[in-house]
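Asks: One structure coming up, written as structure tokens, with questions to follow.
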């Protein structure tokens, strides 16, 4: 082999190595971009989960504090980027005799809360929560002492 043909072979090998290095670099960049995209999707999904949880908690708090059962939404959750939730509350039935309550003095109202959280890039989460509110079956009547017994009326 002559010197000029050896130089031509070295040039071809160098070009092949350069092409292989370029392919490795492009593959590495594409993999890094895909991993970055997946990490972002996971972050947005986490925000949707947090928004759905917030919606369920707000519905339960509203039921406890206001004795109000109402659908809510969409309600924005503060953050960056923004997320939101919407809540649907369904009455599922009444349990007339609760175990441990005396003489059917208490009833249980069963509700189902469906909270849907959304965030950027189409992230979406649906959470279901069951709630039972314990209450008196009718109105509460007060009694007062009259002589040796009890009579209906206002408390003394």
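Taken together, the values in this text are just the output of simple stated rules run on the coordinates, not laboratory data. Remember, it's a predicted structure, so these values are computed and weren't measured experimentally. Don't worry about glycine lacking a Cβ; one is built from the backbone with ideal geometry, like all the others, and counts go over all protein chains shown.
Asks: Based only on other Cβ atoms within 10 Å, what is the fewest-to-most ordering of 97, 86?
Replies: On the way: 97 12, 86 17.
By the 10 Å Cβ count, ascending, the order reads 97, 86.
Asks: Quick one: order 27, 88 by neighbouring beta-carbon count within 10 Å, fewest to most.
Replies: 27, 88
Asks: Extension gain residue 39-residue 66, at 0.36 nm per residue separation less the Cα-Cα distance, in nm? Before the final figure, lay out each step's value.
Replies: Values: separation 27, 0.36 × 27 = 9.72 nm, distance 4.00 nm.
So the chain would gain 5.7 nm between residue 39 and residue 66.
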